[in-house]
Amino acid sequence: MYKYFPHTEEDLQVMLDRVGIDSIDDLYSDIPEAIRFRRDYNLPEALSEVEIRRLFDTIANYAVGGPLTVFAGAGIYDHYSPSVVQNIIERSEFLTSYTPYQAEISQGTLHYIFEYQSMMAELTGMDISNASMYDGATVTAEAAMMAFANAKKADTVLLSSTLDPKVRRVVETYAKYHGICIELISDENGVTSKANLEARLLQGGVAGVIVQQPNYYGVVEDYTGFADIIHEQKALFIVNSIAADLAVLKTPGEWGADIAVGDGQSLGIPMSFGGPGAGYMCCTEKLIRKMPGRIVGLTKDNRDQRAFVLTLQAREQHIRRQKATSNICSNQSLMALWVTVYLSLMGKQGLKEVGELSYAGAHYMCDELLKTSHFQLKYQQPFFNEFCVIYDGDVEALQRVCTDAGFMAGVKIDDHTIMFAVTEQRSKDEIDELVDLITTYSSH
């Protein structure tokens, strides 16, 4: 009845009697005494609810006495999320079973997943979306395995050097244990080398090619012709994108991609110290049977009313592990619900305005930094809301000064390069304040 209360002595004795032993110690009799932990646990004293809230507030604000104004990105972005999102996702209609195996009692979950799939397919310009996945890095690795499974003889997946290094490392880890060879395509002035890609494709043995848009350095790459040269060699074209940016930029579908992947965190999910996010995967219809995860479909019940069902679920719970399209159980369903509600509230125009404001803010900040004479643009390429600049001083020292003043000032790329990100959350006054701080510090 009281499932969250600790067990009483009576409860414990009933369980011990049921399994036929005299004490808890008898459960662990097979564990050698030499490796048993016999000291007291270093646990804090119990706290009241008010005290716990204060403790976590202190932890959250430990660095500078308050939250930082964020001018950093590199995969996690400070986008605004309407307060009503939190209230809607807590409604009981959606908080049905985590895994919707029994469709008749999971209509709320299946409904929002269906809407999520519809909106993500439209956002990416692809035919089909699955019911979300774990995060942007692992879903990119899953796409690499899709390409490998789709190929008849090819065993190599090419990664652009402009792909996020964090994502690249995850793909390499997955590839190592699935018999997939990973090779990097070089970059020229911050963009993927088309010539290098074409030369490697002509050597044969390539199952897929993965690029990023905008790329890790914030550059908006031109992938004109990439799909043609990749498809000529029977390989799959995979595009990893920052989800929110697709409201303004050319979609993976328009580039001729076979698979579109990435993280949905930019669609209103709070940064929360780096997670959780939600991996999205969309593809062309011909690859539906190769796609990992679930797909929710719309049908009618025996009363001719609209109903939602699991149309495809070739997951490890249903078939032999070695035959499964994926061995990751979690699909971050709650985060997919967050994305669904956010997209529904923002609408097409709202998403477009978010992108335009972010673009305008980033270009204004870049221009202001260049005026200080302490920075120069690293890549003479178009960028969206993130850009790399070369600093004439100590990058880490500059970031420490900014942190002390309440700003998270970019991400260090190397000893002389820093990458700033601007979202619709950042005002002109905040940008001016940060630039003034940097100018004052750099002039001394």
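We did not get these values from a lab; they are worked out from the coordinates using the rules stated. Source: prediction; values computed, not measured. Virtual Cβ from ideal backbone geometry, glycine too; neighbours counted across all protein chains shown.
Net length available on complete extension from Q86 to D11 is 23.2 nm, with 0.36 nm assigned per residue and the Cα-Cα distance removed.
Here K352 is the anchor, and the lysines within straight C-alpha reach of less than 27 Å, apart from those fewer than 8 places off in the same chain, are K250, K428.
Based only on other Cβ atoms within 10 Å, what is the fewest-to-most ordering of Y80, Y216, Y223? Numbers along the way, then the final one.
Details: Y80 14, Y216 25, Y223 21.
Exposure proxy ranking, most exposed first: Y80, Y223, Y216.
Taking the Cβ-Cβ separation of K250 and L345 as r and a Förster radius of 22 Å, what is the calculated FRET efficiency to the nearest 0.05? Walk me through the numbers before you get to the answer.
On the way: r = 25 Å, r/R0 = 1.13.
That gives a FRET efficiency of 0.35.
Taking other residues whose beta carbon is less than 11 angstrom from the beta carbon of A260, and scoring Lys, Arg as +1 and Asp, Glu as -1, yields -3. Considering only Cα atoms, the convex hull volume of segment 84-343 works out to 129 Å³ per residue. Among L110, L377, sorting on how many other beta-carbon atoms sit within 10 Å of each Cβ, with the fewest leading, yields L377, L110. Other residues within the sphere of radius under 10 Å centred on the Cβ of E424, judged by their own Cβ, net out at -2 (K and R +1, D and E -1). Using a cut-off of 27 Å between Cα atoms, the listed pairs K176/K234; K348/K412; K176/K290 include K348/K412 as exceeding that distance. GNM on the chain, alpha-carbon springs under 10 angstrom: the most fluctuating residue among G179, G75, G190 is G179.
Helix check for the chain. Which DSSP H runs span at least 24 Å along their own axis by Cα, with a mean Kyte-Doolittle hydropathy no less than -0.5? All intermediate terms of the calculation are to be shown ahead of the outcome.
Numbers: long enough: 107-124 (25 Å, -0.11); 333-371 (45 Å, 0.38).
The answer, listed by residue number, is 107-124, 333-371.
With R₀ set to 56 Å, the beta-carbon distance separating K153 from S443 gives a calculated FRET efficiency near 0.35.
Pairs of alpha carbons in the chain separated by more than 35 Å make up 42% of all such pairs.
In plain terms, the chain from F273 to I31 could stretch by 83.3 nm, reckoned as 0.36 nm per residue minus the Cα-Cα distance. Extending 7 Å from the Cα toward the beta-carbon at both E104 and K371 defines two label points whose distance is 6.8 nm. Once the C-beta distance of T58 and E172 is scaled by a Förster radius of 35 Å, the resulting FRET efficiency is 0.35 to the nearest 0.05.
The modelled label-to-label distance for the pair E356/S48, using points 7 Å beyond Cα in the direction of Cβ, is 5.2 nm.
Cβ under 10 Å from V191's Cβ, V191 left aside: what net charge do those residues give with Lys, Arg +1 and Asp, Glu -1? Kindly include the intermediate steps, with their values, before the conclusion.
Numbers: positive: K194; negative: D187, E188, E221, D222.
Net local charge, V191 excluded: -3.
Ranking I288, I242 by Cβ neighbours within 10 Å, fewest first, what do you get? List each step's numbers first, then the result.
Numbers: I288 15, I242 26.
Ranked by crowding around the Cβ, least crowded first: I288, I242.
Of all DSSP bridge pairs formed entirely within the chain, close to 60 percent run antiparallel. The gain in end-to-end length when the A195 to S118 segment is fully stretched comes to 24.1 nm, 0.36 nm per residue minus the alpha carbon separation.
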